[in-house]
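Asks: Take a look at the following structure, please.
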Amino acid sequence: MLWPRGARASSPVELARQADQLKPGQWVWAPQIAPKGPITVYVDLSRQLATVYRNGVRIGVSTVSSGKPGHETPTGVFTILQKDAKHHSNKYNNATMPYQQRLT
């Protein structure tokens, strides 16, 4: 199994530089830039990028792979309703789904 490749950045400038060079399956993370506060994730479907903000400050960027024709990714504002670090699927033969987050 291939795992995504990630990198850490030490400053907003380094985060921006690395974010502009991401390839599919890659991410860059710099949580120390804004260590506390509410988190928002913005997904840009046209660019296939997810950007993480804490207190309005960008702290991470990841590539995403969204829906395909007939299975489009819905747009809107979604609140996480449930989190479960040790979740098991009730739909897919009790498959493990670590760090599950329910949106709807």
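Asks: Does the range 94-103 include one or more residues that are in a loop (DSSP other than H, G, I, E, B), among the hydroxyl-bearing types (Ser, Thr, Tyr) and at pLDDT below 95? Full working, then the answer.
Replies: Residues of the range 94-103 that are in a loop (DSSP other than H, G, I, E, B), as a first pass: 94-95, 103.
Now narrow it down to the ones that are among the hydroxyl-bearing types (Ser, Thr, Tyr): none.
Within the range 94-103, none of the residues are in a loop (DSSP other than H, G, I, E, B), among the hydroxyl-bearing types (Ser, Thr, Tyr) and at pLDDT below 95.
Asks: Here's a follow-up. Could you pull out the residue among Lys68, Lys36, Lys23 that is at pLDDT 95 or above and either part of a loop (DSSP other than H, G, I, E, B) or closer than 25 Å to Leu103 by Cα (or both)?
Replies: On the way: Lys68 fails: at pLDDT 95 or above; Lys23 fails: at pLDDT 95 or above.
Answer to the check: Lys36.
Asks: I want to confirm something. Restricting to the range 58-73 and keeping residues that are without any contact (Cβ under 8 Å) to a residue 24 or more places away in the chain and surrounded by 10 or more Cβ atoms within 10 Å (Cβ to Cβ), which single residue is farthest from the chain's Cα centre (by Cα)?
Replies: Step one: of the range 58-73, the residues without any contact (Cβ under 8 Å) to a residue 24 or more places away in the chain are 64, 66-72.
From the residues that got through so far, the ones that are surrounded by 10 or more Cβ atoms within 10 Å (Cβ to Cβ) too are 64, 66-67, 72.
Numbers: Val64: 8, Ser66: 12, Gly67: 15, Glu72: 18 Å.
Applying the filter and picking the extreme gives Glu72.
Asks: Please state which one of Ala7, Ala50 is of a type in the set (A, V, I, L, M, F, W, C), part of a strand (DSSP E or B) and over 23 Å from Leu103 (Cβ atoms). Quick ask: steps written out before the conclusion?
Replies: Details: Ala50 fails: over 23 Å from Leu103 (Cβ atoms).
Unique residue meeting the criteria: Ala7.
Asks: Need the failing condition index for Ala34 against (1) in contact with a Pro (Cβ under 9 Å, 6 or more places away or on another chain); (2) surrounded by 12 or more Cβ atoms within 10 Å (Cβ to Cβ), just the number.
Replies: Answer for Ala34: the failing condition is (1).
Asks: Which one of these does Phe78 not meet: (1) surrounded by 10 or more Cβ atoms within 10 Å (Cβ to Cβ); (2) over 16 Å from the mean Cα position of the chain (by Cα); (3) in contact (Cβ under 8 Å) with a residue 12 or more places away in the chain?
Replies: Failing condition for Phe78: (2).
Asks: Pick from Gly76, Gly56: which is of a type outside the set (Lys, Arg) and modelled with pLDDT of 95 or more? It would help to see each step written out before you state the result.
Replies: Details: Gly76 fails: modelled with pLDDT of 95 or more.
Of Gly76, Gly56, the one residue that is of a type outside the set (Lys, Arg) and modelled with pLDDT of 95 or more is Gly56.
The values are calculated or read from the model by the stated rules, or taken from the named source; none is laboratory data. As the structure is a prediction and not an experimental result, all values here were calculated from the model. Quick reminder, even Gly has a Cβ in these numbers, built from the backbone with ideal geometry, and neighbours come from all protein chains shown.
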